[in-house]
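All remarks here apply to the structure that follows.
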Amino acid sequence: MQHELNLKPYNTFGIAANALHFASFNEVQQLPALLNAYPHLPLLILGGGSNVLFTADFEGLVLRNEIKGIELLKEDADNVYVKSGAGEVWHEFVCHCIDHHWAGLENLSLIPGSVGASPMQNIGAYGVEIKDVFHELSAYHIASGEIHTFNKQQCQFGYRESVFKRALKNQYIIIDVTFKLHKVANVKTSYGAIQQELEKMGITEPTIQTVSKAVIAIRQSKLPDPKVLGNAGSFFKNPVVSMQLFETIKRNYPEVSFYPVSETEVKLAAGWLIEKAGFKGLKKENCGVHDKQALVLVNYGKSTGQEILDLSTQIIEQIQKLFGLTLEREVNIIPNHESIL
Ligand SMILES: Cc1cc2nc3c(=O)[nH]c(=O)nc-3n(C[C@H](O)[C@H](O)[C@H](O)COP(=O)(O)OP(=O)(O)OC[C@H]3O[C@@H](n4cnc5c(N)ncnc54)[C@H](O)[C@@H]3O)c2cc1C
């Protein structure tokens, strides 16, 4: 156990907040004693710290999940069932699967963070979400010390959502996740610039390896590397709005970027809205909005979490004024200020 630990190396925003107490664990058996150490203090389970913003010191216990291990559980004619410890690095797990010709995760290459956090917000990219290949997960129930299994339905996956962010928030520690992957690949190349990237690479018959390479190349060209420029990827979710509001926005901005989700609702590109509101490339003293992708807020090195939170509030207020909709933060604000504008 460490005390008053600077969390800067443990979050991709590179925010220098302190944890009052901090420990890592690599076995479930360690959890009862760790959780009993400070039962009355707030608890935070941390993976790679790539989807959190610390706005103050964390006056409680931070437990970093480092449970490792990848196991092929079973296979049938079409599928393999692969279990990964929650502390495996997501991209390394994706590469392991690609190396073994297990298909389904290639579009999710290079997403930072841990396997254990992937179901939290049903991570997604380039037309694929983990719910598409998710089988089940095991989670430690903090109150009872029991291990519970959750199937796909029980996880209640939605767009950057799961039951663990809502009804069961802060109640479970995910310890492993099992994916149902395919033996024969059905590669998805229609989303974003994958097809163009493959053409640039001279690929006419894409495989999971080449799709992964294309996704990596696109991501590296668009998204800042947290090792160079602190960030947590998309700071906001893409808002889903009523058809009525969409029509109003479209009247003023015929070029609005959108994606129909049902007969009554449309998803708008938050990055487009933020760019239209004039924030793209904005530099405040210590933080700003990335110049290639307006959805990404960045730390120029010395920012506090509060400065970044304030910038996000300014963006939310301006988008509200301009477009009549409220952007929701995707990044987890710690301590939780989610409801505070
Ligand atoms: C450059 C960049 C690009 C990104 N691109 C994408 C993208 O394309 N798609 C996407 O969906 N996300 C993206 N993200 C966000 C991020 O990578 C994912 O949300 C990732 O799953 C977070 O993993 P983590 O281990 O870092 O989680 P952390 O940031 O450590 O934790 C996130 C939340 O999950 C909780 N948590 C973590 N592990 C566990 C556990 N084992 N049990 C219970 N709770 C847990 C934490 O308490 C916290 O609330 C990006 C981030 C960056 C920095």
task: Work out the length of the dipole vector of the stretch 230-334 about its Cα centre, built from +1 on the beta-carbon of each Lys and Arg and -1 on the beta-carbon of each Asp and Glu, and round it to the nearest 20 debye.
output: 220 debye
task: Taking the Cα centre of the stretch 70-222 as origin, work out the dipole magnitude from +1 charges on Lys and Arg Cβ and -1 charges on Asp and Glu Cβ, in debye rounded to 20.
output: 520 debye
- prompt: Could you give the alpha-carbon Rg of the chain over 2.2 N^0.38 Å, rounded to two decimals?
  reply: 1.01
statement: Taking a straight Cα-to-Cα line shorter than 28 Å from residue 74, and setting aside same-chain lysines fewer than 8 residues away, one finds 83, 131, 152, 180, 183, 188, 213
field: Relative contact order [Cα under 8 Å, 6+ residues apart], the chain, whole percent
entry: 16 percent
field: Leading residue at positive end of dipole, the chain (Cβ point charges), from 262, 208, 37
entry: 262
- prompt: So how strong a dipole does the chain carry about its Cα centre when Lys and Arg Cβ are +1 and Asp and Glu Cβ are -1, to the nearest 20 debye?
  reply: 640 debye
- request: Compute the separation of the alpha-carbon centres of the stretch 199-216 and the stretch 58-90 and state it in Å as a whole number.
  value: 27 Å
- line: Taking a straight Cα-to-Cα line shorter than 19 Å from residue 292, and setting aside same-chain lysines fewer than 8 residues away, one finds 222, 227, 237, 276, 280, 283, 284
Accessible area expressed per residue, the stretch 19-99, with surrounding protein chains retained (probe 1.4 Å, Å²): 44 Å²
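If you roll a 1.4 angstrom probe over the protein chains with everything in place, what fraction of the accessible area of the chain belongs to carbon and sulfur, to the nearest %? Before the final figure, lay out the partial values.
Working: 8000 of 16270 Å².
Solvent-exposed carbon and sulfur of the chain make up 49 percent of the total.
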- request: Tell me what the chain gives for mean residue ellipticity at 222 nm when only DSSP H runs of n ≥ 4 count, each as -39,500 (n - 2.57), the sum divided by the residue total, rounded to 500 deg cm²/dmol.
  value: -7000 deg cm²/dmol
Accessible area in square angstrom per residue, the stretch 225-267, 1.4 angstrom probe: 62 Å²
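The values are calculated or read from the model by the stated rules, or taken from the named source; none is laboratory data. What you see is a predicted model, and the numbers here were worked out from it, not measured in a lab. All Cβ positions, glycine included, derive from the backbone under ideal geometry; neighbour counts span all protein chains shown. Accessible surface is based on the protein model in full, side chains and every heavy atom, while ligands, DNA and RNA are left aside. Shrake-Rupley method; radii C 1.70, N 1.55, O 1.52, S 1.80 Å.
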